Amino acid sequence: MEGFDLIIFDCDGVLVDSEIIAAEVESRLLTEAGYPISVEEMGERFAGMTWQNILLAIEREAAIPLSASLLDKSEKLLDARLASEVKVIDGVKQMLSRIRKPYCICSNSSSHRLDMMLTKVGLKPVFGPYIYSAKDLGPDRVKPKPDIFLHGAKQFGADPARTLVVEDSVHGISGARAAGMRVVGFTGASHTYPSHADRLTEAGAETVIARMTELPDVIAALAEWSEAI
């Protein structure tokens with residue numbers, strides 16, 4: 001793994017299986033507000049986006065005024081469900097035990113939610129203080145902007161070109177690529193859909209995996225490929 005200075009993980013849909021829960025909550029709220037949308041479509045179209053940006057995108061598309069109260073309502077419902085239901089992605093703990101390079105989390109979720117989810121699934125001590133929320137940088141600096149990835153790399157003095165990101169969403173991959181980083185796509189969470197891998201590849205992922213236990217070998221292979229060219 002000599003080819004990388006740092007490995008950056010997204011959190012939702014990569015380390016914890018939370019995107020499906022978010023899609024269920026948000027699809028119900030949107031349908032009730034007059035914008036019928038399935039759980040599957042929520043995952044396919046909006047995974048990786050903040051709830052605020054989802055609402056703005058739908059308002060632009062459908063010209064439906066969505067109540068500002070949906071913001072708070074979703075946060076409360078989702079926090080309650082995540083606190084009781086969220087689980088770690090299969091193979092994550094085994095995978096992390098095999099990675100010898102520094103790693104961190106760069107997420108669009110709030111620091112509060114990250115702390116709650118990672119504590120519940122037992123990953124908080126593994127990452128320690130190296131858990132970064134794009135929302136802490138500012139509401140206009142979330143993915144697909146590259147800011148949170150560059151922030152994470154800066155904390156380690158890592159060269160973005162020698163940083164590898166693991167992402168499950170098109171929006172996250174777009175942000176990582178804009179930061180000048182390399183990306184592995186992941187499709188092993190419950191919100192995956194038939195064209196998921198293709199869309200991640202089109203967004204800029206060099207390869208896509210469906211099992212987290214594959215990641216250490218993929219990192220080693222990508223590092224070796226980099227040094228050979």
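What follows is calculated from the coordinates using simple rules that are stated; it is not laboratory data. Treat the numbers as computed from the prediction; the structure is a model and nothing was measured. We place every Cβ from the backbone using ideal geometry, glycine too, and count neighbours over all the protein chains shown.
Computed over neighbours whose Cβ is under 9 Å from that of L200, the net charge equals -3, Lys and Arg +1, Asp and Glu -1. Just the number, please: Stokes-Einstein D of the chain in µm²/s, Kirkwood Rh from C-alpha pairs, 10 °C, 1.306 mPa s. Here the translational diffusion coefficient equals 90 µm²/s.
Mean-square fluctuations from a GNM of the chain, with a 10 angstrom spring cutoff on Cα atoms, peak among D12, D168, D79 at D79. Assuming charge only on the beta carbon of Lys and Arg (+1) and of Asp and Glu (-1), the dipole of the chain about its Cα centre is about 560 debye to the nearest 20. Seen from R162, the other residues with C-beta closer than 9 Å to its C-beta sum to a net charge of -1, counting Lys and Arg as +1 and Asp and Glu as -1. The P(r) of segment 136-196 has a tail past 13 Å containing 61 percent of all C-alpha pairs. Rg ratio for segment 59-116: its Cα radius of gyration over 2.2 N^0.38 Å, N being its residue count, equals 1.64.
If you average the sequence gap of Cα pairs under 8 Å that are 6 or more apart and divide by the length of segment 103-229, what percent do you get for the contact order?
17 percent
Per residue, the average separation of C-alpha pairs within less than 8 Å and at least 6 apart gives the chain a relative contact order of 29 percent. Its residue count N fixes a reference of 2.2 N^0.38 Å for segment 160-229, and the Cα radius of gyration divided by that reference is 1.06. Measuring how big segment 11-63 is from its alpha-carbon positions, Rg and Dmax come out at 10.8, 35 Å.
Taking Lys and Arg as +1 and Asp and Glu as -1, the other residues whose beta-carbon sits under 13 Å from that of N108 total -3. When segment 117-229 is described by a simple charge dipole with +1 on each Lys and Arg Cβ and -1 on each Asp and Glu Cβ, the residue from A203, G180, P125 located farthest towards its positive end is P125. Amide H to amide H, with H built 1.01 Å from N, V16 comes under 5 Å of I89, counting only residues 5 or more places away or on other chains.
Between helix 215-228 and the chain there is an angle of about 50 degrees, using the helix long axis and the longest principal axis of the Cα atoms.
Which of rounded, prolate, oblate describes segment 102-229, given a ≥ b ≥ c as roots of the alpha-carbon gyration tensor eigenvalues and a/c under 1.5 marking rounded, otherwise prolate only if a/b is larger than b/c? In terms of gyration-tensor shape, rounded.
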